[in-house]
Amino acid sequence: MVHISKEAALEYHEAGRPGKIEVVPTKAYRTQTDLSLAYSPGVAYPCLEIQDNPDAAYKYTDKGNLVAVISNGTAVLGLGDIGAMSGKPVMEGKGLLFKIYGGIDVFDIEVAEKDPEKFCEAVEKIAPTFGGINLEDIKAPQCFYIEERLKRTLDIPVMHDDQHGTAIISSAGLINALEVNGKKIEDVKIVVNGAGAAAISCTKLYMALGARKENIVMLDSKGVITSDRENLTPEKQLFATDRRDVHTLEEAMRGADVFLGLSKGNVVSQDMIRSMADQPIVFALANPAPEITYEDAMASRPDVLMSTGRSDYPNQINNVIGFPYIFRGALDVHAKAINEEMKLAAVHAIADLAKQPVPDVVNDVYKVNNLTFGPAYFIPKPVDPRLITEVSAAVAKAAIESGVARHNITDWNEYKKNLRLRMGHETSVTQSLYDTARKHPQRVVFAEGLHPTMIKAAVQSRQEGLCLPILLGNEEMIAKKAKELDLDLEGIEIVNLRHDREMPRREKYARILADKCRRDGYTFEEANDKMFERNYFGMMMVETGEADAFITGVYTKFSNTVKVAKEVIGIREPYKHFGSVHILNSKRGTYYIADTLINRSPDKEALKDIARLTANTIKFFNDEPKIAMISYSNFGVDKEGSPRLMRDVVAEMQEECPDLKIDGEMSVELALDHERRDEKYPFLRLHGEQVNSMIFTNLSAASSAYKLIKGFSPETEVIGPIQMGLNKPIHFTDFDSSVRDVVNIVAVAVIDAYVSKLKTV
């Protein structure tokens, strides 16, 4: 389980622009005409259309993609009644999940009102703004009344996710777990520990799927809820048992087939699990500590079918598997409600998905060769890219068939295709990198082990399963710095390269380096002195196979690092130069910019090497290189200086690499505008192609280009610098690199190391 410190959490929410969500325009607004269309006088026309036909709001506004996440802060996560404003970070977080998983816009609305009637009145008055309402973190029993009233009074989807999200996901899990153990839902004995909103909703949905009330025992803080108990809420009365032979959780679990926990941590013992029926199903969903840990449950008996709310164990019951896609489907058909038919459709779609062959991307994330339906996998993983299509489509179809849809969908294949296009972020470069690195973690040396950025990056890389980190530096000083930063160094190796105990290794490295560089005047004594320097020592760890990759740069000037890399690692044949590329993953697409770090003023031969190396790097990331050689002029307009240099490079590259899509010299503007380029210059090898790589004439231009884009487009993912052309994975960072920047480089270095090993096998 990833450890989250208070400091890290506060920094995350505060850094850059405070909060986690923002509103951005979707239409042009640069010209007077644009503004006149957006507002006055043009805006009057859609207003009048909506007046004549209220459903036109779905056509002319964001209503059809806008959900309100509304809370009064009375039951916030595990924090309780902390108030509406205090719960706002949670509501923003829910908005973020809606956006990244479902492509849904969200306004989070915190209502400072605990009275259910007044709360409902407030929601009813603002409801016309939205296509759906997600009620969040409202305490029971008020949440039951609020949801039921709003469902009656509003003509848009309303769902209290704390109730139904858990119910839908756990129901899908229950269906599949019962299929695994060969039992029928109408026959199984179910124990529900907890009687809050989620527990009540789960149990209702289990009954809708066929569970029998007489087979259900529900407990609250006072024990088994029996029909003779006084002052029961209507919700508890629904599940009050007529049995008088059970009073405690221990008694209730004897012989039970299913345990559902939505209560508090560590209330279930191993003996209780042992007392259950054969192949018991245990859903321990208390957060953050489950009713019984996964380890304890599995140790109690081997036939347990286990789920928790945790991502680090199999069969996670996570609401994010449900709510973004349920609302996605409901919004896309302009639904008037989220009804039982739609919930059940979501249940079955989620359950069915777990039985289908798992995409490689999912297997890669969870570091397995092949997830297969069975005891360890009966609920889809949250990263499964098929959830957006399968669940959303099932919900939309159920809405149409049950008569609550205003809009009809006839071509479901096209609908699913559009969903995949809309959610292009799921194939982001960063996610792909992390997924692959997690599958093949390598030993990565962090040169500046005392630098806060490097320590944080090493810890985060270890927590995310990307690598086996090795920090270079004084272990006592690193431990002190880690304590100051509230960081856990467990699982991280520290190598004090200057300690006496490392003398044999320093001498071994020195002999190797002196022998390699003997023609350059190196002596053993000089090489031995070099081994007290972290870059020399760390690179020698990689060179000798005692580590797999090396990260440096937050302290060291890159010019010195380049010199060391050439001496220790060497440039890969047949190249005479090595270079660096930054990857920019933007809304326009993914671009590779070179050379951004190594070659100040490359000559023709250096630029040719950079172009070849960039092409290979693009192929490394499973893309086809389409390279523009960038200058300030286009195709001979200026025949001297850098334009002439790029012109000569292109001519020789096209002759030497006839299949490589490369052309120039051209400006950035022309490189990015393929229609204009094709019209003016139809003879180009890049005709009809979208450029995905730009190589600049010098370091200043390339570095400025990517930094300019990064500065003006914060939403653009920037990964780099990525070194190209060294014999082994040695990667440099910038002195101003963030922790995330370094972690991104770690992921690249890990993949680089893994691929390098495959080539030597």
(request) Report, ordered by the first and then the second residue, all pairs with beta carbons closer than 8 Å, sequence separation of six or more or different chains, a first member in region 54-77 that is on the phi > 0 side of the Ramachandran plot, and a second member that is of a type in the set (D, E, K, R) and part of a strand (DSSP E or B). (result) 73/110
(request) Would you mention how many residues in region 155-181 are within 20 Å of residue 379 (Cα to Cα) and without any contact (Cβ under 8 Å) to a residue 60 or more places away in the chain? (result) 1
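Is it the case, given these coordinates, that residue 220 is acidic (Asp, Glu) and either in contact with an Asp or Glu (Cβ under 9 Å, 6 or more places away or on another chain) or closer than 26 Å to residue 373 by Cβ (or both)? Write out each step before concluding.
Numbers: acidic (Asp, Glu): yes; either in contact with an Asp or Glu (Cβ under 9 Å, 6 or more places away or on another chain) or closer than 26 Å to residue 373 by Cβ (or both): no.
Criteria not met by residue 220.
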(request) Just give me the residues in region 692-717 being surrounded by fewer than 24 Cβ atoms within 10 Å (Cβ to Cβ) and either on the phi > 0 side of the Ramachandran plot or hydrophobic (A, V, I, L, M, F, W, C) (or both), in sequence order. (result) 699, 701, 705, 708, 709, 712
(message) The conditions are (1) of a type in the set (A, V, I, L, M, F, W, C); (2) closer than 17 Å to residue 594 by Cβ; (3) modelled with pLDDT of 85 or more; (4) part of a helix (DSSP H, G or I), and residue 709 fails exactly one of them. Which is it?
(response) (3)
(message) If residue 293 meets every condition in (1) touching a Lys or Arg at 6+ places or on another chain (Cβ under 6 Å); (2) under 30 Å from residue 101 (Cα atoms) apart from one, which number is that one?
(response) (1)
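Would you call residue 183 surrounded by fewer than 20 Cβ atoms within 10 Å (Cβ to Cβ) and modelled with pLDDT under 95?
Taking the combined requirement at face value, the residue does not satisfy it.
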(request) Grab the strands (runs of 3 or more DSSP E) fully contained in region 192-284, keeping just those with 3 or more residues being touching a Phe, Trp or Tyr at 6+ places or on another chain (Cβ under 8 Å) and in the same structural domain as residue 308 (by TED's automatic domain parsing). (result) 258-261, 281-284
(request) Mind listing whichever residues of region 3-36 are over 24 Å from residue 311 (Cβ atoms), among the aliphatic types (A, V, I, L, M) and touching a helix residue (DSSP H, G or I) at 6+ places or on another chain (Cβ under 9 Å)? (result) 28
(request) Identify, from the list 131, 102, the residue that is within 24 Å of residue 61 (Cα to Cα), in contact with a Pro (Cβ under 7 Å, 6 or more places away or on another chain) and of a type outside the set (Ser, Thr, Tyr). (result) 102
(message) I need the full set of residues from region 732-745 which are over 11 Å from residue 596 (Cβ atoms) and either hydrophobic (A, V, I, L, M, F, W, C) or crowded, with 24+ Cβ neighbours inside 10 Å (or both), in order please.
(response) 733, 735, 739, 742, 743, 744, 745
(request) Could you identify the single residue in 317, 281 that is within 17 Å of residue 166 (Cα to Cα), at pLDDT 95 or above and out of contact with any Pro (no Cβ under 9 Å at 6 or more places or on another chain)? (result) 281
(message) With in the same structural domain as residue 720 (by TED's automatic domain parsing), modelled with pLDDT under 95 and not in a loop (DSSP other than H, G, I, E, B) as the only criterion, which of 535, 599, 560, 585 stands out?
(response) 585
(message) Please count how many residues of region 401-424 are more than 32 Å from the chain's Cα centre (by Cα) and either buried (at least 20 other Cβ atoms within 10 Å of the Cβ) or acidic (Asp, Glu) (or both).
(response) 2
(request) Kindly provide the set of residues from region 117-155 that are β-branched (Val, Ile, Thr) and more than 27 Å from residue 79 (Cβ to Cβ), ordered by number. (result) 129, 153
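Yes/no per residue for (1) charged (D, E, K, R); (2) more than 24 Å from residue 408 (Cα to Cα); (3) touching a Ser or Thr at 6+ places or on another chain (Cβ under 8 Å):
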site: 26; (1), (2), (3): no, yes, no
site: 37; (1), (2), (3): no, yes, no
site: 69; (1), (2), (3): no, yes, no
site: 88; (1), (2), (3): yes, yes, no
site: 102; (1), (2), (3): no, no, yes
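Considering only region 373-418, how many residues are of a type outside the set (Asp, Glu), outside any loop (DSSP other than H, G, I, E, B) and free of Cβ contacts under 8 Å to residues at least 40 places away in the same chain?
Here the count works out to 6.
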(request) Determine whether residue 542 is crowded, with 16+ Cβ neighbours inside 10 Å and at pLDDT below 90. (result) no
(request) Among what's in region 48-99 and is surrounded by 15 or more Cβ atoms within 10 Å (Cβ to Cβ) and of a type in the set (Lys, Arg), pick the residue that is farthest from residue 150 (Cα to Cα). (result) 99
(request) Would you check which residues across region 676-706 are assigned to a helix (DSSP H, G or I), among the aliphatic types (A, V, I, L, M) and closer than 15 Å to residue 590 by Cα and list them? (result) 705
(request) For residues that are at pLDDT below 90 and of a type in the set (Lys, Arg), tally how many sit in region 631-680. (result) 4
(request) Could you run through region 605-641 and say how many residues are surrounded by 14 or more Cβ atoms within 10 Å (Cβ to Cβ) and among the charged types (D, E, K, R)? (result) 6
(request) Out of the residues in region 304-342 that are charged (D, E, K, R) and surrounded by 22 or more Cβ atoms within 10 Å (Cβ to Cβ), state the one that is farthest from the chain's Cα centre (by Cα). (result) 332
(request) Please tell me if residue 698 is over 31 Å from the mean Cα position of the chain (by Cα) and at pLDDT 90 or above. (result) yes
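The values are calculated or read from the model by the stated rules, or taken from the named source; none is laboratory data. Predicted, not measured: the structure shown is a model, and the values here were computed from it. Every residue, glycine as well, gets a Cβ built from its backbone with ideal geometry; the counts of neighbours run over all protein chains shown.
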